[in-house]
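Student: This is the structure I want to talk about, given as structure tokens.
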Amino acid sequence: MLLRLPSLIFILLLAIPALAAPAHAEPPPARPVILVLGDSLSAGYGLDAQTGYVALLQRRLDREGYSWRVVNASVSGDTTSGGLARLPPALDRHKPAIVLIELGGNDGLRALPLKALHDNLIKLVDLSLAAKAKVLLFEIRIPPNYGAVYTEGFSRTFSQVASERKLPLLPFFLMPLVGVPGAFQDDGIHPSAESQPKMVEAVWPSLKPLLKPG
């Protein structure tokens, strides 16, 4: 028995989407992640979120054709012990290929014993390495009014950790701002919006080699 014409047209219309649909379309590959674990310097304290150096770093990567995605896990006022509490879930969630560790300034302002600072930094590094991530450690410095012994020992701790774990060490990235009018906000501690591009420029030479595979 022949199908009536309207019934035949209906069957053909049902078949057209199935014929046109691509077979087994592959999802786009996930972008590798750079996780920034820092304090107010990386959280962009006092700034619009899009003007902080971490946001500008993402734009630099995009502009230069890198596929990396930057995740900012920084919290103003954070310490190395706070970072230790936050890092494991961040590693599990984001599975970063690179971790930038910018912590320690608030420890120094609290005069944390240098051994505790060293041990916390080592643990942060080891957690990141165990998660198969490359690590860039930021050197942090504090004002000299804490005394020469503590101040010098504080900054030296970062180079010791980098040496012990054979990591790249980013020299204190606020040094290019020292003595520059308008480089800091009214508190004299946190960089201004105008300084954020200079902070990206300070980070880039140490970060760029880590962007290569392997």
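The values are calculated or read from the model by the stated rules, or taken from the named source; none is laboratory data. Fair warning: this is a prediction, and the values are worked out from it, not measured in the lab. All Cβ positions, even for glycine, are placed from backbone atoms using ideal geometry, and neighbour counts span all protein chains on display. The protein model used for the area step is the full one, side chains on, heavy atoms only, and it has no ligands, DNA or RNA in it. Shrake-Rupley method; radii C 1.70, N 1.55, O 1.52, S 1.80 Å.
Student: Just the residues that are of a type in the set (Ser, Thr, Tyr) and open to solvent by 50 Å² or more (accessible area, probe 1.4 Å), please, taken from region 160-214. Don't jump to the end; show me each part of the working.
Tutor: To start, the set of residues in region 160-214 that are of a type in the set (Ser, Thr, Tyr) comprises 163, 192, 195, 206.
Of everything in region 160-214, just one residue is of a type in the set (Ser, Thr, Tyr) and open to solvent by 50 Å² or more (accessible area, probe 1.4 Å), namely Ser163.
Student: Out of the residues in region 174-202 meeting the condition of being touching a helix residue (DSSP H, G or I) at 6+ places or on another chain (Cβ under 8 Å), of a type in the set (Gly, Ala, Ser) and free of Cβ contacts under 8 Å to residues at least 24 places away in the same chain, tell me which one is farthest from Ala43 (Cα to Cα).
Tutor: So, considering only residues that are touching a helix residue (DSSP H, G or I) at 6+ places or on another chain (Cβ under 8 Å), of a type in the set (Gly, Ala, Ser) and free of Cβ contacts under 8 Å to residues at least 24 places away in the same chain, the one farthest from Ala43 (Cα to Cα) is Gly182.
Student: Within the set of pairs 6 or more residues apart or between chains, which connect a residue that is over 23 Å from Leu169 (Cβ atoms) inside region 78-103 to a residue that is open to solvent by less than 40 Å² (accessible area, probe 1.4 Å) and at pLDDT below 95 with Cβ atoms less than 9 Å apart?
Tutor: From residues that are over 23 Å from Leu169 (Cβ atoms), there are no pairs.
Student: Also: Can you pull out the residues in region 123-135 that are open to solvent by less than 50 Å² (accessible area, probe 1.4 Å), of a type in the set (A, V, I, L, M) and within 22 Å of Gly77 (Cβ to Cβ)?
Tutor: The first filter runs over region 123-135 and keeps only residues open to solvent by less than 50 Å² (accessible area, probe 1.4 Å), leaving 124-125, 128, 131, 133, 135.
Narrowing the set further to residues that are of a type in the set (A, V, I, L, M) leaves 124-125, 131, 133, 135.
Across region 123-135, the qualifying residues are Leu124, Val125.
Student: Further question on the same structure: For the list (1) under 19 Å from Val70 (Cβ atoms); (2) part of a helix (DSSP H, G or I); (3) out of contact with any Pro (no Cβ under 8 Å at 6 or more places or on another chain), I need the number of the one condition that Phe173 fails.
Tutor: Every condition holds for Phe173 apart from (2).
Student: Can you pull out every residue in region 70-89 that is surrounded by fewer than 19 Cβ atoms within 10 Å (Cβ to Cβ) and in contact with a strand residue (DSSP E or B) (Cβ under 6 Å, 6 or more places away or on another chain)?
Tutor: Val71
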